[in-house]
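Visitor: Dropping a structure here in structure tokens format, bear with me for questions.
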Amino acid sequence: MDRIGHWIDGAAFPGGLARTGPVWNPATGVQQAEVSLGGASEVGAAVEAAAIAFPKWRATPLSRRTEVLFNFREALSANRRNLAALVTSEHGKTVTDALGEVARGLENVEYACGALNLLKGEYSEQVSTGIDVYSIRQPLGVVAGITPFNFPAMVPLWMLANAIACGNTFVLKPSEKDPSASLLLGRLLDEAGLPPGVFNVVHGDKEAVDALLAHPQVSAVSFVGSTPVAKAVYTAGTGAGKRVQALGGAKNHMVVLPDADVDLAADAAVSAGFGSSGERCMAVSVVVAVGAIAQPLVDAIAARIQKLRVGDGSDPDSDMGPLITADHRDRVASYLDIGRSEGAELVVDGRTHDMPGRGFFLGPSLLDHVQSDMAVYQDEIFGPVLTVARVDSYDQALQLVNSNRYGNGTAIFTRDGGAVQSFQYDCQVGMVGVNVPVPVPVASYSFGGWKESLFGDSHIYGPDGIRFYTRTKVVTSRWPGVGTSRVDLGFPGTR
């Protein structure tokens, strides 16, 4: 059986033999590899390599850093199908979905290629007689990224491109469930001319995470995952004196007003609810149907669900693939019975969908008449279960969105510009879509939620990503003429 190791100091690093984890093919239910689970030793080796590489990489001219990123962009683009195939084989999502993931990650690499412009400081001359003041951005040092199973290529690219562009060195701890994509990224960065030690990968579980959070040479940590873990990472990391951005879970609402186009809204709900088998933090999980549109909308969604083809993600005819593991599939499926026991109507039971006999499959499901006190509403299910909450008015829809403990993303479907203007002003979430169900920002903006969807004060990638991976220094400068200095114990003034 294949054994997957780490990537440290520009080369494959096997790691110890004591602890390993299974890597499944979710479409067949067969274990296809085992991954080395690193701990303090492997983390220590990766951080040491990154720390040694940092001074030279930091001193590398911006033009050279940009050249490496451009080379990486070209290598990544040329290997996008290879990377997508790895994602499909270990995560299970369809090839089309995996290619879309790679494309969105590629956009962030392209943004980072503008480092020369993004890292410009500010300059003010003659702020006082003969005195100029300017600011500069400098890298933090060794930084780490802890990424989730649902986007094994895109989320690492959200982090590493900006971090490296800013002059940091990087240690990635990807999900141990689908580890191979991160190793291909390491090889492509090496081909692009990135010096050894600037990018490193340590596979592992909580032991590796704890080692990264405790390591004194790690200056900052980026995390994407569930809210309980995000909160724990933020608490431990900041307690150790590190800069931390920790993105947590979500319960994304899609508000559909009575004037919305039913077909457009139903297409959007199905696409956003069941893409990637619902295993994404920006999936629509609650459709908030306002007024008389509710029943036609539920009927239209149910009709579309029946036509979805569930199968192996590598099959081009599949619309939706399996879930990541059998345990996760069973957990998601349990919410169908939980919702029904709480009083929701199970309109479509995904367990009865036409699916392959093997693998970790669950068909798309639809629960109607969901109330805000139900577990199927409160919990992040993270699977192909779409719920419908019916309300009588726009105000009730807004209240439902704002009272939820998560604040990641939301969408509104309507033809009413005034309603849109009010909604985008009043809703308490970090990302808003207007007739767009999955409002993931383009790379030149930043991604992140509010409330329990984010711990820390910095969103990820885009301008916030540059700010997170740098710290500013302000220099006050004077070049006095000979004989013009004197002793002055007064408070420094500017006039």
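Throughout, read-outs are computed from the coordinates displayed, never taken from laboratory work. Computed from a prediction, not measured in an experiment: that's the story for all the values here. Here the Cβ is made from the backbone with ideal geometry for all residues, glycine too, and neighbour counts use every protein chain on show.
Visitor: Want the number for Asp395 to Ser135: 0.36 nm per residue separation, take away the alpha-carbon distance, what's left?
Guide: Numbers: separation 260, 0.36 × 260 = 93.60 nm, distance 4.61 nm.
Fully extending the segment from Asp395 to Ser135 adds 89.0 nm.
Visitor: Then there's this: With r defined as the distance between the Cβ atoms of Asn117 and His369 and R0 fixed at 45 Å, what FRET efficiency is calculated, to the nearest 0.05? Don't jump to the answer; show the numbers that get you there.
Guide: Working: r = 52 Å, r/R0 = 1.16.
Calculated transfer efficiency: 0.30.
Visitor: Then there's this: May I ask which residue of Ser444, Ser477, Val370 lies farthest towards the positive end of the charge dipole of region 364-495, with charges of +1 (Lys, Arg) and -1 (Asp, Glu) on Cβ and the Cα centre as origin?
Guide: Looking along the dipole axis, the top candidate is Ser477.
Visitor: Skipping prolines and chain starts, which residues have an amide H placed within reach, meaning under 5 Å, of the one on Val35, given they are 5 or more residues away or on another chain?
Guide: Here Ile4, Gly21, Val23 satisfy the definition.
Visitor: Follow-up. Using label points projected 7 Å from each Cα along Cα→Cβ, tell me how many nm separate Ala240 and Glu34, to one decimal.
Guide: For the pair Ala240/Glu34, the computed spacing is 2.8 nm.
Visitor: Can you work out the FRET efficiency for the pair Arg81 and Phe491, with r the C-beta to C-beta distance and R0 = 45 Å, to the nearest 0.05? Present the calculation step by step, with values, prior to reporting the outcome.
Guide: On the way: r = 64 Å, r/R0 = 1.42.
According to the calculation, E is roughly 0.10.
Visitor: Treating the beta-carbon of each Lys and Arg as +1 and of each Asp and Glu as -1, no other charges, what is the dipole magnitude of region 252-434 about its Cα centre, to the nearest 20 debye?
Guide: Details: 12 positive and 25 negative charges, 51 e Å.
Dipole of region 252-434, to the nearest 20 debye: 240 debye.
Visitor: What FRET efficiency comes out for Leu62 versus Leu264 if R0 is 35 angstrom and r is the Cβ-Cβ distance? Round to the nearest 0.05.
Guide: On the way: r = 45 Å, r/R0 = 1.28.
Efficiency, from the Cβ-Cβ distance: 0.20.
Visitor: Got a sec to turn the phi values of region 237-252 into Karplus ³J(HN,Hα) couplings, 6.51 cos²θ - 1.76 cosθ + 1.60 with θ = phi - 60°, whole Hz, x for Gly and Pro?
Guide: Coupling constants for region 237-252: x, 5, x, 8, x, 9, 7, 9, 10, 10, 8, x, x, 7, 9, 7 Hz.
Visitor: I want to check the label-to-label distance for Tyr445 and Asp416. Put each point 7 Å from Cα in the C-beta direction and report it in nm to one decimal.
Guide: The modelled label-to-label distance comes out at 2.3 nm.
Visitor: Let me know the shape class of region 1-63, please: from the alpha-carbon gyration tensor, a ≥ b ≥ c as square roots of the eigenvalues, rounded when a/c is under 1.5, otherwise prolate if a/b is greater than b/c, or oblate. List each step's numbers first, then the result.
Guide: On the way: a/c = 4.01, a/b = 2.12, b/c = 1.89.
Here region 1-63 falls in the prolate category.
Visitor: Project the alpha carbons of region 422-495 onto their principal axes and report the range along each, largest first, in whole Å.
Guide: That gives 68, 24, 22 Å along the principal axes, largest extent first.
Visitor: Okay, next question. Would you grab the residues whose amide H sits under 5 Å from the one on Ile146? Only those 5+ places off in sequence or on another chain, please, with H modelled 1.01 Å from N.
Guide: Answer set, sorted by chain and number: Lys173, Ser222, Phe223, Val224.
Visitor: State to the nearest 20 debye the size of the charge dipole of the chain about its Cα centre, where the only charges are +1 on K and R beta carbons and -1 on D and E beta carbons.
Guide: Magnitude of the dipole: close to 1840 debye.
Visitor: Oh, and also: Counting only pairs 8 or more places apart or on different chains, how many lysine pairs in the chain have C-alpha atoms closer than 24 Å?
Guide: 23
Visitor: Continuing with this model, one more query. Using Cα pairs closer than 8 Å and at least 6 residues apart in sequence, work out the relative contact order for the chain, in percent. Before the final figure, lay out the partial values.
Guide: Working: 1179 pairs, mean separation 90.4, N = 495.
Reported as a whole number, the value is 18 percent.
Visitor: What is the sum of charges, Lys and Arg at +1 and Asp and Glu at -1, for the other residues whose Cβ falls under 13 Å from the Cβ of Arg304?
Guide: Numbers: positive: Lys307, Arg309; negative: Asp263, Asp267, Asp299, Asp319.
Counting the neighbours of Arg304, the net charge comes to -2.
Visitor: If you average the alpha carbon positions of region 135-178 and of region 26-102, how far apart do those two centres end up, in angstrom?
Guide: Their Cα centres are 10 Å away from one another.
Visitor: So what's the back-of-envelope 222 nm ellipticity for the chain, counting only DSSP H runs of four-plus at -39500 (n - 2.57) apiece and dividing by all residues, rounded to 500?
Guide: Numbers: 16 runs with 190 residues, N = 495.
Dividing the helical sum by the residues of the chain leaves -12000 deg cm²/dmol.
Visitor: Separate question: Under 1.5 on a/c is rounded, so check that first for region 252-434, then, if it is not, pick prolate when a/b is larger than b/c and oblate when it is not; a ≥ b ≥ c are the square roots of the alpha carbon gyration tensor eigenvalues.
Guide: It is prolate, given that a/c is not under 1.5 and a/b is the larger ratio.
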